[in-house]
1. Go through (1) closer than 18 Å to residue 219 by Cα; (2) exposed (fewer than 11 other Cβ atoms within 10 Å of the Cβ) and name the single condition residue 195 misses.
2. Output the number of the condition that residue 127 fails; it satisfies all remaining conditions of (1) out of contact with any helix residue (DSSP H, G or I) (no Cβ under 9 Å at 6 or more places or on another chain); (2) under 30 Å from residue 76 (Cα atoms); (3) not assigned by TED's automatic domain parsing to the domain that holds residue 226.
3. Take the conditions surrounded by fewer than 18 Cβ atoms within 10 Å (Cβ to Cβ), in contact (Cβ under 8 Å) with a residue 12 or more places away in the chain and not assigned by TED's automatic domain parsing to the domain that holds residue 226 and apply them to residue 53. Does it pass?
4. Quick one: which residue in 144, 119, 59 is outside the structural domain of residue 213 (by TED's automatic domain parsing) and either farther than 30 Å from residue 181 by Cβ or touching a residue at least 24 places away in the same chain (Cβ under 8 Å) (or both)?
5. Within region 86-97, does at least one residue satisfy the condition of being at pLDDT 90 or above, within 20 Å of the chain's Cα centre (by Cα) and farther than 29 Å from residue 242 by Cα?
6. Within the bounds of region 24-46, is there any residue that is at pLDDT 85 or above, surrounded by 12 or more Cβ atoms within 10 Å (Cβ to Cβ) and in a helix (DSSP H, G or I)?
């Protein structure tokens, strides 16, 4: 009788151990499985994404824009705060949630990953020191949810002349205008190649990124003095790159 009781007690202890370790195992398995999936798929499992998919209008459209962007791997909460694990809207939007950050908050948010561009931006005329707040922010030029994937009709040059040349703001110097148009042409060239099923070599893509970086080093600090010296080389490199993209098959 004691032997039976002992075996029964042993089985109970084993069962208790299983009830402790199985949930832990499943949690670790789900975590590892989530990390192994593509970034876009992991983002789609975010409760923010799932809830907005069921919404109407802009609240729903923003999901598609975000998942196609360079920032698809960035969770909604990393910019907006809140709790992406909660299914209740009121609770998910509580605490640190910010639906639309103001200009200063946007700069602080973007600087978590883009510290150097922000430092350059704060040296320029778009961030007058005596005011201590920006005249514009990252979203003004780069967009919020379409980072890296702007629409075909978007134009960096048009964004700038939307302010420059109107009323009290001076027009952009012609070389700067042409430089911005080169940036637009290169983006359009890559987009056209993609639509036509042509493969652009990684080398050309990296060179295009390098040109964009050189342009940003002029635009962010609004450094015309040095910028006007650098622009001719940027224009030549951009022209050559544009032709090479067009020849890709």
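The values are calculated or read from the model by the stated rules, or taken from the named source; none is laboratory data. Owing to the predicted nature of the structure, the values given are computational and were not obtained by experimental measurement. Cβ coordinates were reconstructed from backbone atoms using ideal geometry, including for glycine residues, and neighbour counts include every protein chain displayed.
1. Among (1) closer than 18 Å to residue 219 by Cα; (2) exposed (fewer than 11 other Cβ atoms within 10 Å of the Cβ), the lone unmet condition for residue 195 is (1).
2. Just one mismatch for residue 127, condition (1).
3. Considered against the rule, which asks whether it is surrounded by fewer than 18 Cβ atoms within 10 Å (Cβ to Cβ), in contact (Cβ under 8 Å) with a residue 12 or more places away in the chain and not assigned by TED's automatic domain parsing to the domain that holds residue 226, residue 53 comes out as no.
4. The conditions single out 59.
5. yes
6. no
So that you can scan it fast, the table gives a plain yes or no per residue for (1) closer than 29 Å to residue 137 by Cβ; (2) under 22 Å from the mean Cα position of the chain (by Cα); (3) free of Cβ contacts under 8 Å to residues at least 12 places away in the same chain:
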residue	(1), (2), (3)
196	no, no, yes
215	yes, yes, no
236	no, no, yes
248	no, no, no
